[in-house]
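Just so it is clear, none of the values below were taken in a lab; they were calculated from the coordinates. Everything numeric in this text was worked out from a predicted model, so none of it was measured. Note: ideal-geometry Cβ built from the backbone for every residue, glycine included; neighbour counts use all protein chains shown.
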Amino acid sequence: AQKVTQAQTEISVVEKEDVTLDCVYETRDTTYYLFWYKQPPSGELVFLIRRNSFDEQNEISGRYSWNFQKSTSSFNFTITASQVVDSAVYFCALMDTGRRALTFGSGTRLQVQP
Amino acid sequence: DTEVTQTPKHLVMGMTNKKSLKCEQHMGHRAMYWYKQKAKKPPELMFVYSYEKLSINESVPSRFSPECPNSSLLNLHLHALQPEDSALYLCASSQGTRGDGAGELFFGEGSRLTVL
């Protein structure tokens, strides 16, 4: 069975601080995909990144960066110089190529104070 | 703006009512999904349609009935719901290619359902 664990329920930081959101996953599949989504108060889930199990390169997109480590089954997400607009719930998710459906972690609520 | 459109945004219904949630996408995606999200919880998969055929039903009670009339539309028919069914219902779509690879899911803003 697949499982995604986001141990941090809620994080509060002050604007301009860096923050890392942790994600640990479990799967028996050799081919799988990892995702991060952002859910602002409006409710829509906004896609941030997809990474497949064969690509362990870290990725940077503006203030966002992701660290994928298969050895520790982790896919962590860092926001550099956080801003108030980053306040949202962030979900890490796992997809196997068979079901093609996302299994979500429990989410981390990030509050960025001005 | 999301490219997956859900209507209505809010719905209040009694336990004896029959209502429907609608979802539409025009991205040419061939996989469509219904997820249910309770407050402060992650989305939970309900149904997956692939190429207009139901491919996954996560043991959802029969009072929820999905329908995929064509590749752009997805409905969720509701009948005899319970108050505990109150939640945000999210629709999503993806490329749903049959080959290798898994595209990201694009989500709508959801339909917030309250069952009295």
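Some points to look at:
- Look at the stretch B:41-52: the mean tally of other chain Cβ atoms within 10 Å of its residues' Cβ atoms is 3.
- Peptide ranges A:13-20, B:109-116 listed from the most packed, as the mean C-beta count within 10 angstrom indicates: B:109-116, A:13-20
- The equivalent ellipsoid that matches the C-alpha gyration tensor of chain A spans semi-axes of 24, 15, 12 angstrom, in descending order.
- Residue mean of other protein chain beta carbons inside 10 Å, A:37-46: 5
- Projected label distance in nm at residue B:82 and residue B:16, using a 7 Å step from Cα toward the beta-carbon: 2.0
- Take B:59-72, A:39-52 and order them by the average number of nearby Cβ atoms within 10 Å per residue, most first; the result is A:39-52, B:59-72.
- In chain B, inverting the average of 1/r over every pair of distinct C-alpha atoms gives 14.2 Å as the Kirkwood radius.
- Cys residues of chain B counted as unpaired, since no other Cys beta-carbon is under 4.7 Å: B:68
- Exceedance of the 24 Å cut-off in Cα-Cα distance is limited, within the set A:3/B:53; A:16/A:70; A:38/B:38; A:3/B:41; A:70/B:53; A:38/B:40, to A:3/B:53; A:16/A:70; A:70/B:53.
- Taking a Cβ cut-off of under 14 Å around residue A:67, the surrounding Lys, Arg, Asp and Glu residues balance to a net charge of -3, with basic ones at +1 and acidic ones at -1.
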